[in-house]
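Below is one structure, written out as C-alpha cells; comments come after it.
The values are calculated or read from the model by the stated rules, or taken from the named source; none is laboratory data. Because the structure is predicted, anything quoted here is derived from the model rather than measured. Cβ coordinates were reconstructed from backbone atoms using ideal geometry, including for glycine residues, and neighbour counts include every protein chain displayed. The area values use the complete protein model at the heavy-atom level, side chains included, leaving out ligands, DNA and RNA. Shrake-Rupley method; radii C 1.70, N 1.55, O 1.52, S 1.80 Å.
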Amino acid sequence: MKSYSMLNGFVEPDKEMELLMEQAKIKSRNEISFMCKGEMDMCLDAPVLREEIKFELDRVCPQCGKKYPHFKNYCPECLVTLKKITDTVDVKAIKSNPIIDFKGDNSYSNILSDECFCLIDEFDFTADDFKDIIHSIKSQAFKNLDKLIADNSIDLDMLDALDKVFAFAKSFVKVEYKSYGGELGYFEFDKVYVDDRQRKSLQITTLIHELTHFLVNEILVHVTCKILNTDKNRHIESVITYILSHSTFNSLVDEYAAHTVEGRFTIFGYQDYSSFLTIQKEMDTEEADIAKVIGNSFAIYIKDLLEGFIDWDLREEIKEQFLSDTLEQPDYRQLALENCSKLSDEGFMKAIWLILTEGLQNADEEVIKSYLNEFEN
C-alpha cells in the first residue's frame, strides 16, 4: 500500500462538502422537535395543485403517453383504448434488462495477458476521457429510462418517491427484491437486491447505496474498455468485480463512495457509515484516509450523475418520506466521517491507474473464471 502515499500531493478541498458540513453544524444546534415540526409544517402548507384542475387527468394513452380525463375512453390520435394511470404496472414488478455498453475496435476475451497489462500500465487515459465515460453512462441510462416508461405506460408524476427511484435504478441495472438475510441490500454481479421488509425511506437509500456500488464497478469497466479500445464483455466485468472485492483497500474505497452518495440524498442526522467502519477496522489510519479521499472523488462524479434524475423536487419527496417513516432521533456523529477532501484530476487518474494495475498484478484467474460463470448463469 506504500504506492498510494504518492496521492497525498494531489489532495484538495471539496468545497461542496465543506458547505454541506457547515449546514450540518447549524442543523445540529437546533432541537430535533423544532426541526421536525418545521419540516412537517412546510409539507402541510404546500399547495395541492391537482385540486385546481377541473377534470383530473387520470387516463393515459399506452402508445403516445398523452393524458385524458376519466370520461375519455380512447386516444383519437393513436386509436387505442386508454388505461387508468392508477392501473399501470407496478414499477417494482417490472423486469428490466438495461443496456449500458462500450464499443471498441478490439474484442479481448481475456484481459489477463501481457499485452493488455502493458496497455493498462501505460494508461493512455485522461480526465476528459473519464468525463466522457460518465456522460456516456448517464446518456444510455436515460435512454433506458425512456424505454422503461414507454413500454410500461408509466406516469412519473403519479409515482411516489420510492417508485421513482426504483424506475431510475432499473434504467442502470437489474433490481430485485430479497426477503431473507440481515442485509438491507447488496449488489452482486449484474443485479441489485433490496429487502422489501424495511421502511420506504430505507429502501430508497439502500437503492442509492447499491446503485453506487454498481456505478463504481461500471465506471472502472468502461475505463478498462477505453484503454484497451475493446468492446465491453463479461470477462472485463469479472476482472473488475475481482479487483474491487478482493482488496481490502479497494473495498473501502468502494464502500466509502456508496455511503457518501447515499448520504447526499438522506436528511442530516440519518447518514450511516456502518459497513465502511467495519472494513476500516482492518486498516491503519493513513491507508483509510487516502481510501476516503479516493472514494469521495468517485462519489462526486456519481452524485452529479444521479442528480440528473434525483433533482430538488424528488429530494424533497425523499425528505418527506424520511420524516413520515422515522421515529429515531437524528445522530450527527456519523457526519464526522464525511470527507471534505478530493483528488485533483491528475491525482484521481493516478488513483485509478493504481487500482487497475495492482488489481491485475494480484488477479486470481480461477476466481475470475468462477465470476464469469456467475455472470453467464
* Please work out the average accessible area per residue across the stretch 269-329, using the 1.4 Å probe convention, and give it in Å². => 46
* Asked: Roughly how many Å is it from the Cα centre of the stretch 90-141 to that of the stretch 328-358, as a whole number?
  -> 22
* Extended-chain gain in nm, criterion 0.36 nm per residue less alpha-carbon gap, Arg234 and Asp128 -> 35.6 nm
* Kirkwood Rh, Cα Rg: Rg to Rh for the stretch 236-377? -> 1.02
* To do: Please list Tyr177, Tyr242, Tyr186 in order of solvent-accessible area, largest first, computed with a 1.4 Å probe with all protein chains present.
  => Tyr177, Tyr186, Tyr242
* Asked: By accessible area of protein heavy atoms, probe 1.4 Å, what ranking do Asp151, Asp114, Asp195 get, highest first?
  -> Asp114, Asp151, Asp195
* **Gain on full stretching of the segment that runs from Lys72 to Gln329 - 0.36 nm per residue minus C-alpha separation** => 87.7 nm
* Structure fact -> About its Cα centre, the chain carries a charge dipole, from +1 on Lys and Arg Cβ atoms and -1 on Asp and Glu Cβ atoms, whose size in debye to the nearest 20 is 1260
* the chain: Rg/Rh from Cα coordinates, Kirkwood Rh? -> 1.00
* Structure fact -> For the Phe142, Trp312 Cβ pair and Förster radius 22 Å, calculated FRET efficiency rounded to 0.05 is 0.75
* Asked: Which FRET efficiency value, to the nearest 0.05, do you get for Glu16 and Thr285 by plugging their Cβ-Cβ distance into 1/(1 + (r/R0)^6) with R0 = 22 Å?
  -> 0.35
* Asked: Based solely on its DSSP helices, what 222 nm [θ] is calculated for the chain when runs of n ≥ 4 H residues each add -39,500 (n - 2.57) and the sum is averaged over all residues, nearest 500 deg cm²/dmol?
  -> -17500 deg cm²/dmol
* At 1.4 Å probe size, with no ligands or nucleic acids counted, give the accessible surface of Tyr256 in Å², nearest ten. => 0
* To do: Check the stretch 162-311 and count each lysine pair with an alpha-carbon distance under 13 angstrom, considering only pairs eight or more places apart or from different chains.
  => 4
* To do: Bin all alpha-carbon pair distances of the stretch 149-269 at 5 Å intervals from 0 and give each bin's fraction as a whole percent.
  => 2, 10, 18, 21, 19, 15, 9, 5, 1
* **Accessible area, probe 1.4 Å, largest first, for residues Cys78, Cys64, Cys225** => Cys64, Cys78, Cys225
